[in-house]
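Engineer: The following block contains the structure, expressed as structure tokens.
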Amino acid sequence: MKEKKLLRALGNVDNQYIKEAEPMKKTSKITNRQKWVSVAACFVLVAVIGVGIFQSNLFGTKNDIATLDGGETITFVKNDLSQSSINLNVITRPLSDAEIEMLFADLPVTADAYFDADNHNILGFEGKIGDTRMVVSKQGVNLLDTIIDGNTITSSIDGVDINAGYFVTKSNSQGIKTVIYYATFDMGENTIYVEYSGAENESETVKNNLVDTILKLIENGAFDLSQIQE
């Protein structure tokens, strides 16, 4: 167990002038009216197509939707993430095997617990569930050094509201981009953040791995951090 400062870098277009037509016969007026009806119908068709394009995300925000076996969906919105600094006076120690079993049953979790150095109450913990990064914070406490910049769409799975997204890094020296999928949701008195990363060309696998972790955590249910003592 050790005490430390937790500090991380979490045109205008001119109108066309139309000359007035010379007096036309009655039959010509009917034809002209028919033309305007056709033009109006075209505008309606364009409007409908435009709505369809925006709904299918060909323009605007790029969403990636994961469809579950039961038909429920999780929408991942493309956003930007950045790191921020958090400065907390905390005491840390690893969660014991018994504590992990109590909280997560047989899920493969490793984590360090964070306690307030002044009152010694648990604030949450950070670690991994398998290869997925996980940060669990008591509501009202921020242990996350990640800032999400962009829109969110709330999905609901088994009554749990999930805000999820993804972002793609710039190419590294080998020309490889990394994709990171993430999600935040509340369970009980805690806020859970999870993220999974991998090569951009493996984005489908990365997304599915994260979805699998989210479902496992929801199935596991809410847990009581107050049972964890310093």
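The values are calculated or read from the model by the stated rules, or taken from the named source; none is laboratory data. Computed from a predicted structure; not experimentally measured. All Cβ positions, glycine included, derive from the backbone under ideal geometry; neighbour counts span all protein chains shown. Please note that ligands, DNA and RNA were not included when accessible areas were found on the heavy atoms of the full protein model with its side chains. Shrake-Rupley method; radii C 1.70, N 1.55, O 1.52, S 1.80 Å.
Engineer: Can you spot a residue in the range 220-227 that is surrounded by fewer than 19 Cβ atoms within 10 Å (Cβ to Cβ) and of a type in the set (S, T, Y)?
Structural biologist: There is at least one residue in the range 220-227 that is surrounded by fewer than 19 Cβ atoms within 10 Å (Cβ to Cβ) and of a type in the set (S, T, Y).
Engineer: Let me ask another. Give the residue that is surrounded by the most Cβ atoms within 10 Å (Cβ to Cβ), with candidates limited to residues of the range 123-140 that are of a type in the set (D, E, K, R) and farther than 20 Å from V77 by Cα.
Structural biologist: E126
Engineer: If you don't mind, another one. Does T169 satisfy being at pLDDT 95 or above and in contact with a Ser or Thr (Cβ under 7 Å, 6 or more places away or on another chain)?
Structural biologist: no
Engineer: Further question: Under 7 Å between Cβ atoms, which residue pairs at least 6 apart in sequence (or on different chains) link something in the range 118-144 that is charged (D, E, K, R) with a partner that is part of a loop (DSSP other than H, G, I, E, B) and buried (at least 20 other Cβ atoms within 10 Å of the Cβ)?
Structural biologist: E126/L143
Engineer: Can you tell me how many residues in the range 159-216 are outside any strand (DSSP E or B), more than 14 Å from the chain's Cα centre (by Cα) and within 28 Å of D106 (Cβ to Cβ)?
Structural biologist: Number of matching residues: 11.
Engineer: Quickly run through the range 171-220 and pick out the residues that are touching a strand residue (DSSP E or B) at 6+ places or on another chain (Cβ under 7 Å) and small (G, A, S).
Structural biologist: A183, S197, G198, A199, S203
Engineer: Which one is farthest from L144 (Cα to Cα), of the residues in the range 113-122 that are open to solvent by 80 Å² or more (accessible area, probe 1.4 Å) and either among the polar types (S, T, N, Q) or in contact with a helix residue (DSSP H, G or I) (Cβ under 8 Å, 6 or more places away or on another chain) (or both)?
Structural biologist: N119
Engineer: Can you name every residue in the range 181-215 that is among the charged types (D, E, K, R) and crowded, with 20+ Cβ neighbours inside 10 Å?
Structural biologist: E195, K207
Engineer: I'm told L143 meets every condition in (1) part of a loop (DSSP other than H, G, I, E, B); (2) open to solvent by 50 Å² or more (accessible area, probe 1.4 Å) except one. Can you identify the failing condition by its number?
Structural biologist: Of everything listed in (1) part of a loop (DSSP other than H, G, I, E, B); (2) open to solvent by 50 Å² or more (accessible area, probe 1.4 Å), L143 misses just condition (2).
Engineer: Determine the pairs where a residue that is small (G, A, S), located within the range 146-159, has a partner that is in a loop (DSSP other than H, G, I, E, B) with Cβ atoms under 7 Å apart, the partner being 6 or more residues away or on another chain.
Structural biologist: Once the first residue is small (G, A, S) and sits in the range 146-159, its partners that are in a loop (DSSP other than H, G, I, E, B) give G150/N79.
Engineer: May I ask you to verify whether N63 is in contact with a strand residue (DSSP E or B) (Cβ under 8 Å, 6 or more places away or on another chain), under 25 Å from V141 (Cβ atoms) and of a type outside the set (A, V, I, L, M, F, W, C)?
Structural biologist: Criteria not met by N63.
Engineer: T110 versus (1) open to solvent by 70 Å² or more (accessible area, probe 1.4 Å); (2) not in a strand (DSSP E or B): which is the lone unmet condition?
Structural biologist: (2) is the only condition that T110 fails.
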